[in-house]
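See below for the structure under consideration.
The values are calculated or read from the model by the stated rules, or taken from the named source; none is laboratory data. Remember, it's a predicted structure, so these values are computed and weren't measured experimentally. Please note: Cβ atoms are built from the backbone with ideal geometry, for glycine as well, and neighbour counts cover all protein chains shown. Remember, those area values only see protein heavy atoms, side chains included, never the ligands or the DNA or RNA. Shrake-Rupley method; radii C 1.70, N 1.55, O 1.52, S 1.80 Å.
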Amino acid sequence: MRIAMWSGPRNLSTAMMYSFAARGDFTVMDEPFYAPYLVASGADHPMRDEILAAHENDPEKVAQICAAPVTTPHLYMKHMPHHMLTGFPLDWARDCVNVHLIRHPARVIASYAAKREHPDLEDIGYLQQKALYDRLGGVVIDGTDIRADPEGMLRVLCEAIGLPFDPGMLHWQAGPQAQDGVWARHWYGAVHRSTGFAGAEAPLPELTGENAALCEAALPAYLAMKTQSVK
């Protein structure tokens, strides 16, 4: 099985990557299109130069890597929809089990803005994620539901994609993981301190100003996908 897990930023995506890596029967890849996205978009992200130096910059070569055989029974790829710019190859994803991890935009924006000021609609990826779902189909799951009931929702997800559940998915070793991208030390601090999924989330944060407007812009795409999420 080759899983393409599509998620915007600040949405349990690294914890899910660690969960699948903990099974032992998966090779895991961390945002392989991040460096090509930075080159093509010119986006000024934290650690940009280090990312470009450490990771493959050519989207065609990355697509080949995503489609290449692996030495384990399964492959898990953590992808961000906004990394897939116009013209980037996507044919490799048609042979994958596509899973779309969603989270209410108020939660995403509050978390993202704490790491990088003034996010915009492009940064948080809701429109791109909805477009990818419309194009590729697949399974939708909400990260807030996973945090509320990790074992139950992981069982639901595994059943939906035809994969046996492994209790090892519920725990991992604290600290950096071998598959982490070089950007991990900026973004993954909370996950590196964890050994499993955090508990249920608090009520939605209250946003103001430009962040509130951004939430309103992202909300329709989130709600459209939420209606398709597994329970």
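Assorted remarks:
- Of the residues making up segment 76-92, those that are within 15 Å of the chain's Cα centre (by Cα), among the hydrophobic types (A, V, I, L, M, F, W, C) and open to solvent by less than 30 Å² (accessible area, probe 1.4 Å) number 2.
- Meets criteria (exposed (fewer than 14 other Cβ atoms within 10 Å of the Cβ) and out of contact with any His (no Cβ under 9 Å at 6 or more places or on another chain)) for Ala110: no
- Among residues that are in contact with a His (Cβ under 9 Å, 6 or more places away or on another chain) and more than 22 Å from Phe26 (Cβ to Cβ), Thr144 is included.
- From Tyr133, Tyr126, residue being crowded, with 19+ Cβ neighbours inside 10 Å, of a type in the set (Ser, Thr, Tyr) and under 12 Å from Pro9 (Cα atoms): Tyr126
- Filter result for Leu214 (within 30 Å of Asp49 (Cβ to Cβ) and in contact with a helix residue (DSSP H, G or I) (Cβ under 7 Å, 6 or more places away or on another chain)): yes
- Contacts under 6 angstrom Cβ, first residue in segment 183-194 being in a loop (DSSP other than H, G, I, E, B), partner open to solvent by 20 Å² or more (accessible area, probe 1.4 Å), 6 or more apart: Trp183/Met47
- Residues that are open to solvent by 40 Å² or more (accessible area, probe 1.4 Å), farther than 29 Å from Leu136 by Cβ and either of a type in the set (Asp, Glu) or touching a residue at least 60 places away in the same chain (Cβ under 8 Å) (or both) within segment 208-227 comprise just one, Glu210.
- Meets criteria (touching a residue at least 24 places away in the same chain (Cβ under 8 Å), over 19 Å from Ala218 (Cβ atoms) and open to solvent by less than 70 Å² (accessible area, probe 1.4 Å)) for Val156: yes
- When the helices (runs of 4 or more DSSP H) confined to segment 76-179 are screened for residues that are within 22 Å of Cys215 (Cα to Cα) and of a type outside the set (Ser, Thr, Tyr), those reaching at least 1 such residues are found at 105-113, 121-124, 126-136, 143-148.
- Qualifying residues in segment 16-45 (those that are small (Gly, Ala, Ser) and open to solvent by less than 10 Å² (accessible area, probe 1.4 Å)) - the one nearest to Trp187 (Cα to Cα): Ala35
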